[in-house]
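Visitor: Mind having a look at this structure? Questions to follow.
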């Protein structure tokens with residue numbers, strides 16, 4: 001395979017035309033010699049500095065010497081220059097001292113190179129919608145109100161809880177009732193400036209509910225609060241029906257009014273109105289929401 005990976009790199013400029021592009025590539029220092037690193041993890045083990053783990057969306061912390069995730073390609077460690085004590089203050093250097101192959105190289109600098117290529121594939125990614133502006137949902141104020149991306153990491157076997165579903169409050173207990181809110185950050189020009197439907201949130205909320213029940217058992221009560229259920233892909237409607245009929249996931253057509261804490265239990269009281277106009281309240285242990293990508 002004629003593939004060369006340029007890690008820790010970003011594109012500065014692109015010039016030319018189809019079939020003949022010149023790409024200016026900026027490569028940031030890894031501070032690790034990839035040819036010497038054996039991914040033993042000793043640098044991370046001995047590193048005293050902890051920072052927010054963005055890969056796990058802030059649920060846990062990682063070391064300044066780290067590998068992004070266990071399946072990373074290439075499986076080589078990296079030192080975060082913005083938080084490394086040695087790079088910032090000239091002190092510590094434990095990773096260099098204990099590295100068995102001498103792979104740590106604090107002298108690495110940013111480099112630039114130009115590539116001649118015939119075509120360019122643009123994959124810019126996205127920035128998740130920030131739900132903290134919705135004060136009635138109290139995200140970032142109540143520990144058991146989380147985003148769908150955070151819940152994805154909780155469900156993942158490589159995540160901070162190794163796939164075990166637990167609450168983010170201090171009690172760390174298994175939830176018995178989980179609620180999902182749909183269309184948070186979408187279809188509301190007054191609150192989020194996104195009038196469109198993301199087209200993916202319905203299906204991955206259903207998937208999360210099904211996977212959560214597979215992890216915790218059928219006793220887990222999962223409720224999805226939605227505006228419209230949009231299952232427009234192949235076999236998506238069947239997946240939705242199986243979630244409702246086979247797995248017992250509840251689907252409630254309603255846009256939730258508010259979320260309030262229940263005493264000092266970290267439980268969540270949810271107020272909503274049903275299709276026939278009846279005001280109801282339910283207490284849940286945990287709630288997640290989905291939102292479109294910005």
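Quick note: the coordinates plus some simple rules give every number you see, no bench work behind them. From a predicted model like this one, the values you see are computed outputs, not experimental measurements. Virtual Cβ from ideal backbone geometry, glycine too; neighbours counted across all protein chains shown.
Visitor: 7 Å from Cα along Cα→Cβ at both residue 244 and residue 27: what's the point-to-point distance in nm?
Guide: Label at residue 244, label at residue 27, 5.4 nm between them.
Visitor: If each residue's Cβ is checked for other Cβ atoms within 10 Å, how do 67, 73 rank with the fewest at the top?
Guide: 73, 67
Visitor: Further question on the same structure: Using only DSSP helix segments of four residues or longer, with each worth -39500 (n - 2.57), what per-residue ellipticity at 222 nm results for the chain after dividing by its residue count and rounding to 500?
Guide: Calculated from helices alone, the mean residue ellipticity at 222 nm is -4500 deg cm²/dmol.
Visitor: Pull out the extension gain between residue 61 and residue 274, defined as 0.36 nm times the separation in residues minus the alpha carbon to alpha carbon distance; nm, one decimal.
Guide: 72.6 nm
Visitor: Next up: Among DSSP bridges having both ends in the chain, what percentage is antiparallel? Round to the nearest 5.
Guide: The answer is about 70 percent antiparallel.
Visitor: What FRET efficiency comes out for residue 117 versus residue 219 if R0 is 45 angstrom and r is the Cβ-Cβ distance? Round to the nearest 0.05.
Guide: With a Förster radius of 45 Å, E is 0.25.
Visitor: While we're looking at this one, here's another question. Of the listed values (i) 0.91; (ii) 1.22; (iii) 0.98, identify the label whose number matches Cα Rg over 2.2 N^0.38 Å calculated from this model.
Guide: (ii)
Visitor: Arranged by the count of other C-beta atoms within 10 angstrom, fewest first, what order do 232, 164 take?
Guide: 232, 164
Visitor: If the chain between residue 89 and residue 166 were fully stretched, how many nm would it gain, using 0.36 nm times the residue separation less the Cα-Cα distance?
Guide: Fully extending the segment from residue 89 to residue 166 adds 23.9 nm.
Visitor: Would you order 129, 239 from fewest to most other beta-carbon atoms within 10 Å of each residue's own beta-carbon?
Guide: Fewest-to-most ranking of 129, 239: 239, 129.
Visitor: Estimate the FRET efficiency between residue 133 and residue 101 by the formula 1/(1 + (r/R0)^6), using the beta-carbon distance for r and 35 Å for R0, to the nearest 0.05.
Guide: With R0 = 35 Å, the Cβ-Cβ based efficiency is 0.15.
Visitor: Just to be sure I understand the model, the point goes 7 Å from the Cα along the line to the Cβ. What's the resulting residue 36 to residue 80 distance in nm?
Guide: Calculated label separation equals 2.4 nm.
Visitor: Now for a separate question. Return, ordered by residue number, the residues of segment 248-286 whose backbone nitrogen is under 13 Å from a label point located 7 Å along Cα→Cβ of residue 231.
Guide: Zone members listed by number: 248-252.
Visitor: A follow-up question, please. What length, rounded to one decimal in nm, is gained on full extension from residue 45 through to residue 258, with 0.36 nm per residue of separation minus their alpha-carbon distance?
Guide: 72.3 nm
Visitor: For helix 236-245, report the angle its Cα long axis makes with the longest principal axis of the Cα atoms of the chain; keep it between 0 and 90° and round to the nearest 10°.
Guide: Helix 236-245 sits at roughly 50 degrees to that axis.
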